[in-house]
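One structure below.
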Amino acid sequence: MRDSKFAIEIKNLSKYYGNLAALKDVSFQVKRGDFFAFLGPNGAGKTTTINVLTGLSNYQSGDVRIFGYSTTKDYIQARRLVGLCAQEFNFDPFLTIRNLLVFQAGYFGILPPKAKRRADELLERFGLYEKRNAKHRTLSGGMKKRLLLCRALIHEPEIIILDEPTAGCDLELKFQIWNYLKELNQEGKTIFLTTHYMEEAEKLCKTIGIINSGNIVRIGEKSQILQDKSLQDVFIEVTGLE
Amino acid sequence: MITNPIGTASLAKREIFRFLSVATQTVFPAILSASLFMFIFGVAIGNRIDFTSAQVSYFSFIVPGLMTMHLISTSYENTSFSLFLGRWHNHIQELLLSPLSYFEMVLGLLAGGVMRGVVVCTGIYLVSLMFGNFPALHPLYLLYFMVMVSVIFSCIGMLAALWAEDFNMLNMWNIYLIIPLVLLGGVFHPVHLLPQIVQDISLFNPMFYLVQGIRYSVTGVSDISIVISALVTLVMAAVFFNVAVFLFKIGYKLRT
């Protein structure tokens, strides 16, 4: 890993879907070890930004770096450092949940004995160990959410990107995920979180960025952004919601 | 070049595991179907066909054709289904987020197609021995052609999986292009028995060279030089492999 001050650096990023500009000259950085909330209304460009960061989307112009590694030129090094907890449940239907994690660890160059140990640790941590030999179809929605998180963490990434990780979760699971994310952040991992729950962002994050219609409309440290207002008020103000 | 051997091996293992876990659908039907062809056409009807001009019995003649036909279809089905299902369920993201190079991704996916093709082809060959076929005259050639032909069609399967938008489109290549070309390439008939004009047209059918290569490896008889067959096979494998890697690199229908 390069000795970069920033975990994420995005410079002048533009992304179009046909004629539609999803991201317009977006630039921002996320410091190493930060807990960053990336907020915005539906269709603002949050998931597109995540897809660009993780290499799931091409982009037309700009420069995107993970710990100094370009996500296009040095994509192998960059991807090694990132774990993505996606919004949707996208698992291989042929695999048991334990095998799913073991194979995923394998792609990251982790040998089977260590991959199995790591998979079991995560499954136990998230209460899925009893289900290790089941296929994901048999899991409840909350369990699938936890499995997404296990998959994102299997290779011990330096940056964990979470796209609405607690959407649809009950309170118990929400608190469990929050506590785990706080733990990871305390261990020095960088967390990049998108959420529609203002309370979640306010409670967990150190830095906040708000995107609207493909433009960054507010970014900074939480105290700087809030200034005695609630995050919801700030969000409504900068996105022009009524 | 492989920079992540564990990752590549892990993907290869997953692909092989996937088809072996449903072997009743991925391996045995092809062997059963070929066995029935051997019994009906090779044994029951073949014994009544005067086939002296082809230098081998009709049974020995069709076995390599059947091996090639199923080698092609199973290799194609394996990669096309696996990759298309990945796109359909979006678990292809597991691969796209990983630190595997595009070359390694194609190589890993290829492993499943090649392994399935070789297992099915070998199975058909072993069944033919039980029906009284002679052991292959050139086993090393046979290995070369089995691997190369399955590389070609595993790669074509990937191209189809990237191009297709639904399962109908996925099957179209196999039904309307691959199977007709394979059958016209001499699976059941020696091309030299056809009218000259059809023989000349056959030279433009790439499947002709693949069928002839495997036929020569098993029986020592072919309508064309083994060197030409081997070269055509090698060039096709190199071209389709590189096209597949290129499409992964540009993210054709993989990245938005």
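Taken together, the values in this text are just the output of simple stated rules run on the coordinates, not laboratory data. This is a predicted model, so every value here is computed, not measured. With ideal geometry, Cβ positions are generated from the backbone for all residues, glycine too; neighbour counts draw on all protein chains shown.
Quick rundown of the values:
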| read-out | value |
| --- | --- |
| Selection from A:Gly209, A:Ile219, A:His136 lying farthest towards where the dipole of region A:102-242 points positive, charges on Cβ | A:His136 |
| Electrostatic dipole magnitude of region B:5-250 [Cβ: Lys, Arg +1; Asp, Glu -1; Cα centre; debye, to 20] | 320 |
| Inter-chain shielding of A:148-159 (mean C-beta neighbours from other protein chains, 10 Å cut-off) | 1 |
| Separation of the B:Asn171 and B:Val221 label points, Cα + 7 Å toward Cβ, nm | 3.6 |
| Average partner coverage of A:81-94, which counts Cβ from other chains inside 10 Å | 4 |
| Shielding of A:109-116 by partner chains, average beta-carbon count, 10 Å | 3 |
| Peptide ranges B:233-240, B:209-216 listed from the most packed, as the mean C-beta count within 10 angstrom indicates | B:209-216, B:233-240 |
| For region B:59-146: span of alpha carbons on each principal axis (Å, largest first) | 50, 24, 16 |
| Highest to lowest packing among A:207-214, B:171-178, B:191-198, scored as the average C-beta count within 10 Å | A:207-214, B:171-178, B:191-198 |
| Debye intensity ratio I(q)/I(0), log10, region B:5-250, q values 0.13, 0.16, 0.17 Å⁻¹ (C-alpha model) | -0.77, -1.12, -1.24 |
| The protein assembly as shown - charge dipole about Cα centre, Lys and Arg +1 at Cβ, Asp and Glu -1, debye rounded to 20 | 720 |
| Taking chain B and dividing mean pair separation by its residue count, relative contact order in percent (alpha carbons under 8 Å, at least six apart) | 26 |
| Net charge, B:Leu20 excluded, C-beta distance under 12 Å - Lys, Arg +1, Asp, Glu -1 | +3 |
| Debye, to nearest 20: dipole size of chain A, +1 on Lys, Arg Cβ, -1 on Asp, Glu Cβ | 900 |
| Neighbour-count ranking [beta-carbon atoms within 10 angstrom, fewest first] of A:Thr194, A:Thr239 | A:Thr239, A:Thr194 |
| Mean Cβ count within 10 Å, highest first, over the residues of peptides A:32-41, A:60-69 | A:32-41, A:60-69 |
| Selection from A:Leu231, A:Phe192, A:Cys169, by position along the positive dipole direction of region A:137-242 (Cβ) | A:Cys169 |
